[in-house]
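Shown next, in C-alpha cells, is the structure this report addresses.
The values are calculated or read from the model by the stated rules, or taken from the named source; none is laboratory data. Since we're looking at a predicted model, the values are computed, not measured. Here the Cβ positions follow ideal geometry from the backbone for every residue, glycine too, while neighbour counts run over all protein chains shown.
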Amino acid sequence: MRTRARARAAALVSLLLPGIATAAAETGPSLATRAARFAPVAGAVAEFTQEREVSIVEEVLRAHGTLALAAPDAMRLDLVAPQRLALVARGGEVAVLDETGAVLPFPPEFSGLAHFARELTDLLLGGTTSDRFHEAWEGADAVTLTPRGPGGPFTEIALRFASDGPLPREIVLREQGGDRTTIRLTSVQLNPPIDAARFHVPTWGDAPAAASERAAPRRPEEGLP
C-alpha cells in the first residue's frame, strides 16, 4: 500500500515538476551545472595572451593585454602589444579602436573574437551554450563545444577551466577555414567595479580621427574586409 502511494506521489511530482526528474537524470557535467557550483558572475577583468594561427600567414600572430566582461553582452579587449588597440563589443555592435579612440578596420588578430563577442560573453559569464552547441566533456574542467547547426564562424570551441574558479583559463576557437585562436587568461578578478563607459561602442560622431582614417563600427555578421 505504501509502495503504491509512493509511486503515485512520484508520478504526480514528475508530471507537475518535470524539471526535477530531468535534472536528476542529468548526471554528466555541463556548463550550467558547473556554473552553479560558484557564486554568480556579473563581470570579470583578466589579463590575456593570444595566439592566432591564420592559414594565409606563416607567422603566429601574438598579442596580449586585458579583457573586461560585463553581463549580459558587453566585452572589451585592450591590447598592449604588438600595438595599442581595443576591441569593444556590446549587443550586436563591435568596433576596433586605436589608442586615440578612432575606429579602425578589423585586423586579422581580432577577427575571430569580433564574430564571437556576444556568444563568448554568454559562455564565460552565463555558463550556458544557448542550445547552440553540443558539449563534450573531458573530466570536470574541460569541455569542447561543437555547433548544433551550420552557418557559424566556428567549428569548435574548447574551454579549459581551473578547478577552483568559474571562468576558463584557456579558450581555443577553431574557425571554418582552419584558422585557430588560443586565448589564455591570468590574474582573473570576479565582479570588480567596472565603469560602463568602457563598453561604449563609438559611432562616426564619436571618433576623433578624420573620416578618411576610420571605419564605422561593424556588426559581426557583416564579415571582414
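Quick rundown of the values:
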quantity	calculated
Output for region 45-72, where each listed residue is of a type in the set (Asp, Glu) and either under 17 Å from LEU173 (Cβ atoms) or crowded, with 20+ Cβ neighbours inside 10 Å (or both)	GLU51, GLU53
Hey, ALA142 out of contact with any Leu (no Cβ under 6 Å at 6 or more places or on another chain), at pLDDT 65 or above, buried (at least 18 other Cβ atoms within 10 Å of the Cβ) and hydrophobic (A, V, I, L, M, F, W, C) or not	no
ASP131 vs. criteria at pLDDT below 90 and farther than 25 Å from ALA68 by Cβ	yes
Subset of region 181-197 [crowded, with 16+ Cβ neighbours inside 10 Å and either assigned to a loop (DSSP other than H, G, I, E, B) or at pLDDT 90 or above (or both)]	THR182, ILE183, ARG184, LEU185, VAL188, LEU190, ILE194
Selection count, region 77-127, where residues are hydroxyl-bearing (Ser, Thr, Tyr) and modelled with pLDDT under 65	1
Pair list, Cβ < 7 Å and 6+ apart or interchain, from region 29-48 residues that are within 26 Å of GLY65 (Cα to Cα) to residues that are β-branched (Val, Ile, Thr) and exposed (fewer than 15 other Cβ atoms within 10 Å of the Cβ)	ALA46/THR186; GLU47/THR186
Members of region 167-180 found to be in a loop (DSSP other than H, G, I, E, B) and charged (D, E, K, R), listed by number	ASP179
